[in-house]
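Let me begin by presenting the structure, written as structure tokens, before commenting on it.
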């Protein structure tokens, strides 16, 4: 860990087990004014406002009889992706270990009546940035400063205002030890309380915050959730999906899945939220105890595998799955998410409101193992294009499947054909495939059969048919002058007369 020598302003590096006590700065960056590690080492940038912040922070350290200070702009080598990743994953703990965190509000002038609803304090940019959330919650002691570096207030003195601004309950901002307890004891209490907050509640704190880079929406929350994961700048919104997957590995708190859809969301959604904004109204959601140990839920290559009660077709609100969580003020209810069963236990999240159900449905509906798509891109086209595996039963011994049309219905070494379905005019999924059957007996002509499969969207109605088509084939147009396969001989029909209509089907992957 690098620290600034408060007397000389030189950057000094310490091993983790030998880090001395230090003060730490929380602030918002000004483009073009901050001083980097390389510039500090070269004694450059001293005329910038960012250098003044470094100098003032060191002065505050000396006033606290501390010899060192940490400022993010110049204590991190941002040219090293490995160091940047390590630093971001360690940031929460560095703020927790600080003796004092000084929060510099560059847009709040001295003399401001901070209790006025429209005051510069209430509207400060610092409360809107993604990175400053952990900087607000982590330190055991936090002091706000005006834009002239004079004292404004300690955090515990204005918790009511901070709660109004951020939506964070006062429980997570102050402790009874504020008056005479040690930093260590205050910090331990705050950390313990932070761990007790539900995932949805923590996400709600970040729901209205902004970051310059999309990925930082997720990376700025790593410390809040105790997650360590590699940084991949350039991955965009996938960073937030990765964060949720990592949270799932460490917590069985299903409030992670209890988010609300956004106005511009598509009709079909993944089960994971695309940003913290989806949790803006979820701060009161908490896990609930159903009295029995439920199986773990996890992401697999088939989606999110989870056991949950699923509503019947007669449920007035539509198809819903019940989560093991509820609302803090109403312990008799549980939260259910809107779903749509596409096929074989594969569900997508639908753009409908969450609903609450009585806790009794947990036992009344029973548990069903389902696969929920984590995101819309998890498996491309799976909701719109179901497939059907058709088994050719009772095929005469000498015949085999030689080809299929359309070409995406690929032949297999056994009598199975995978057919891709598309919606038809009856709001059903329909698949049509032409199959070329050949015989190992030379004098027996090839046959063409047409297979049609229809499936209702809810899988309640299934129909399949198989018909000989002796006068059509796209497979071997050179066989006759007309481009069609010759009509099979009578003896061929006789050998296959028991085949037509004897068709089995297994709707699935």
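Each value in this text was obtained by applying a stated rule to the coordinates, not by laboratory testing. All values derive from a computational prediction rather than experimental measurement. Glycine gets a Cβ as well: all are built from the backbone with ideal geometry, and neighbour counts include every protein chain shown.
Just a few scattered comments:
- Available extension along the chain between residue 33 and residue 196 is 54.8 nm, counting 0.36 nm per residue and deducting the alpha carbon span.
- Length available on full extension from residue 300 to residue 149: 0.36 nm per residue minus the Cα-Cα distance, which gives 49.2 nm.
- Mean Cβ neighbour count within 10 Å, used as a protection proxy, ranking 158-164, 321-327 highest first: 321-327, 158-164
- Packing, as the average of other Cβ atoms within 10 Å across residues, places the peptides 192-200, 278-286 in the order 278-286, 192-200, highest first.
- Here each label is just a point 7 Å from Cα along the line to Cβ, and for residue 292 and residue 238 those points are 3.9 nm apart.
- Relative to the current alpha-carbon distance between residue 265 and residue 107, full extension at 0.36 nm per residue lengthens the span by 53.4 nm.
- Summary of packing: across the peptides 113-121, 237-245, the per-residue average of other C-beta atoms within 10 Å ranks them, highest first, as 237-245, 113-121.
- Applying Stokes-Einstein at 4 °C and 1.567 mPa s to the Kirkwood radius of the range 13-63, computed over alpha-carbon pairs, gives a translational diffusion coefficient of 104 µm² s⁻¹.
- At R0 = 45 Å, FRET efficiency that the Cβ-Cβ distance of residue 118 and residue 80 yields, to 0.05: 0.55
- Two numbers describe the Cα atoms of the range 1-102: Rg and Dmax, which are 12.6, 35 Å.
- Fraction of C-alpha pairs exceeding 20 angstrom in the range 241-381: 42 percent, rounded to a whole number.
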